[in-house]
1. Could you tell me how many of the residues in segment 266-296 are within 26 Å of residue 145 (Cα to Cα) and touching an Asp or Glu at 6+ places or on another chain (Cβ under 7 Å)?
2. Say we look at segment 217-238 and pick out the residues that are buried (at least 20 other Cβ atoms within 10 Å of the Cβ) and not aliphatic (A, V, I, L, M); which of these is farthest from residue 91 (Cα to Cα)?
3. Tell me which residues, restricted to segment 357-369, are over 15 Å from residue 99 (Cβ atoms) and touching a strand residue (DSSP E or B) at 6+ places or on another chain (Cβ under 7 Å).
4. Yes or no: residue 248 closer than 21 Å to residue 10 by Cβ, in the same structural domain as residue 185 (by TED's automatic domain parsing), touching a residue at least 60 places away in the same chain (Cβ under 8 Å) and not aromatic (Phe, Trp, Tyr)?
5. Suppose the filter is of a type in the set (D, E, K, R) and within 15 Å of the chain's Cα centre (by Cα); does residue 317 pass it?
6. Here is a check on your reading of the model: is residue 106 surrounded by fewer than 19 Cβ atoms within 10 Å (Cβ to Cβ), of a type outside the set (Phe, Trp, Tyr) and modelled with pLDDT of 65 or more?
7. With the condition kept exactly as written, say whether any residue in segment 194-213 is out of contact with any Lys or Arg (no Cβ under 8 Å at 6 or more places or on another chain), modelled with pLDDT of 95 or more and crowded, with 19+ Cβ neighbours inside 10 Å.
8. Among the residues of segment 281-292, is any assigned to a helix (DSSP H, G or I), within 26 Å of residue 155 (Cβ to Cβ) and without any contact (Cβ under 8 Å) to a residue 60 or more places away in the chain?
Amino acid sequence: MKRKRRNVAVIGSGMSHFSSHREEVNQPEMIHEAVVEALDDAGMTLDEVDCVLHGNMELFEMVHQPDMWHAIASGVWGKSGLRLTTGGTTGITLACAADNLVASGLHDVVLAIGFEKLQEGHTTGGITNMADPLWGRSIQTGALTGTTAQAVIDEFGEERAKHAAMKMRIIMDEHAMLNEKAHRRLGLDRQFIKEMADNSPPLVGELRMLHMCSQSDGACAVVFASEEKAEALGAAPAWVVDHETVHREETLMFSPEKTTMRVAAERMFTRNGITDPRRDIDVFEMYDPSAWWGLDWLREFLLLEGDEHLKMVENDEIRIDGAFPLNPSGGVQASNPIGATALVRVAEAAMQVRGVAGGHQVPKPVRRALASGFGGTLWTVLMLLSREKPVLGGHCDA
């Protein structure tokens with residue numbers, strides 16, 4: 001752990017529209033959409049950017065070092081640049097790196113860009129070929145797993161568990177319907193919860209197609225700036241308070257005592273004096289690859305016990321106008337451009353703090369927002385953002 005030398009603010013964010021096929025644009029053009037919107041939001045020009053970070057899962061599109069090609073759109077030409085890839089966590093790793101680069105004093109303004117154009121590659125082929133077929137056999141199915149669904153069913157009974165998971169999915173869709181850039185805006189109807197839970201095509205066990213995130217084309221860009229630069233621009237900032245990274249190799253995870261989600265949350269909350277996450281955090285943008293994982297991880301991230309997480313869903317507490325808004329953007333189940341997905345969580349959390357989320361802005365005041373990323377070897381990253389400027393000397397993840 002290292003102490004921050006300078007405060008860092010998110011002062012701008014931009015996103016392309018997310019879709020299963022963005023055939024009308026190539027990769028640089030799609031990235032350019034997000035970059036232009038982020039710079040406009042920050043009220044600055046490309047000349048004021050010191051460093052550009054770029055991230056995606058390059059094996060999914062099968063283009064080596066795409067950041068070189070994308071220089072015509074990203075703005076990195078003639079500037080410092082860095083390419084990062086950490087699997088599903090790529091986007092939030094970019095955010096953590098940007099925070100560290102500005103906090104260290106190395107740069108005043110960093111532009112983080114995450115993207116994926118999954119229609120141009122083969123995602124499943126990429127996932128299943130990046131692990132040893134013997135030692136990494138347990139991840140050969142990629143993101144598709146029915147074990148969480150079965151665990152929730154075993155703990156709480158089939159009827160209640162299936163109802164809660166599908167209600168979680170419907171709430172995420174209700175939020176996506178408020179977000180004009182979301183990919184899957186399905187208009188799911190609550191009165192058909194049981195029918196959807198029973199009849200959606202099965203993938204693995206009780207993990208069904210409707211529960212699962214899809215693959216999307218899209219890009220996200222976020223501007224990180226020093227306190228001095230943010231004040232000079234008169235920006236409405238979302239301050240980066242802290243971030244935490246926890247992961248374990250898949251082959252070492254046969255009998256974990258705690259999930260990486262709970263460990264990351266415990267560390268984050270302890271450092272920042274958060275004793276009641278449901279009270280101290282106003283909105284949470286969770287990386288939720290499926291409704292079953294989102295349901296289960298709600299308990300882990302909020303350090304809950306028993307069936308409190310199910311009750312939050314059953315009582316509509318996680319709705320955008322509820323006591324604890326979860327994924328007002330629609331979350332990963334709505335849009336999943338993998339290299340950008342976790343950066344979208346940070347961008348959306350920052351937009352909520354800044355009050356600029358538009359049609360999916362949480363109606364209550366947002367003082368603190370939490371964003372998460374997930375991928376690979378049960379890799380979890382958390383970032384905490386605040387409307388109030390942090391006191392220097394706080395911690396950030398090295």
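The values are calculated or read from the model by the stated rules, or taken from the named source; none is laboratory data. Values in this document were obtained by computation on a predicted structure and should not be read as measured data. Note that we place each Cβ from the backbone using ideal geometry, even for glycine, and neighbour counts take in every protein chain shown.
1. 2
2. Among those residues, the one meeting the criterion is 229.
3. Answer for segment 357-369, where residues must be over 15 Å from residue 99 (Cβ atoms) and touching a strand residue (DSSP E or B) at 6+ places or on another chain (Cβ under 7 Å): 362, 366, 367, 368.
4. no
5. For residue 317, the condition - of a type in the set (D, E, K, R) and within 15 Å of the chain's Cα centre (by Cα) - is not met.
6. Yes; evaluated as a whole, the condition is true for this residue.
7. No, segment 194-213 contains no residue that is out of contact with any Lys or Arg (no Cβ under 8 Å at 6 or more places or on another chain), modelled with pLDDT of 95 or more and crowded, with 19+ Cβ neighbours inside 10 Å.
8. No, because not a single residue in segment 281-292 is assigned to a helix (DSSP H, G or I), within 26 Å of residue 155 (Cβ to Cβ) and without any contact (Cβ under 8 Å) to a residue 60 or more places away in the chain.
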